[in-house]
Amino acid sequence: MMRARTAIVLAAVLLGGCAGEKMQELQAWVKDQDNMPRPRIEPLPEVKPFEAFAYSADKDGLLDPFRPRKIEAPKQTAGSGIQPDLNRPREPLEAYPLENLRMVGTLAQKGQVFALIKTPDNNLFRVKKGNYLGQNFGLITEIDEGNVKLREIVQDGAGDWAERASTLQLQEEQEVAKK
């Protein structure tokens, strides 16, 4: 009971402290705010009623989303007939995208030119004409001091295979140090 009386007296003292000069300032500020011009609030836009659409696949020539459709296989055309050899064993450098491989030098032994290729995990490989690089069946067609030329076989959206030429260029010493 004594604690309750003490709490009431304490609350009254604290509320009495608010009734001073600060309370008058607060009341004056509220009065000033009431006299300020009020901004015009734009009315909400009119809500357009929902228009229902009766979906009838049979009448409108639309596809029925609940009926399974047969997916047609890509059409076999009498094109160039280019296709990668999917049965040959893969070489180690075919596990990396071509843009992640770096040519760091060349080497000549017994009249044959080799390129030195560095992988992202800092392994060094020696490759020659006829080896494969990259993930697009890239066959090495030529090696010279500055680059490795490749013939890649890529598949387009229609499922047809096409050849494209790519080059892996020698990385300069400064460029290698930056990476």
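Readers should treat all values here as calculations from the given coordinates under stated rules, not as data from a laboratory. In this text the structure is predicted, and so the values were computed from the model without any measurement. Note that we place each Cβ from the backbone using ideal geometry, even for glycine, and neighbour counts take in every protein chain shown.
Would you order Leu86, Leu93 from fewest to most other beta-carbon atoms within 10 Å of each residue's own beta-carbon? Don't jump to the answer; show the numbers that get you there.
Working: Leu86 7, Leu93 20.
Arranged by neighbour count, lowest to highest, Leu86, Leu93 become Leu86, Leu93.
List Asp144, Asp121 from most exposed to least, where exposure is judged by having the fewest other Cβ atoms within 10 Å. Mind dumping the intermediate values first?
Numbers: Asp144 11, Asp121 7.
Lowest to highest Cβ neighbour count: Asp121, Asp144.
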| For Gln135, residues with placed amide H under 5 Å, excluding near neighbours | Leu98
| remark: Once Asn122 and Met1 are pulled to full extension, the length gained, defined as 0.36 nm per residue separation minus their Cα-Cα distance, is 35.5 nm
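Can you sort Ser56, Ser166 so the residue with the fewest Cβ neighbours within 10 Å comes first?
Details: Ser56 10, Ser166 18.
So the residues, fewest neighbours to most, are Ser56, Ser166.
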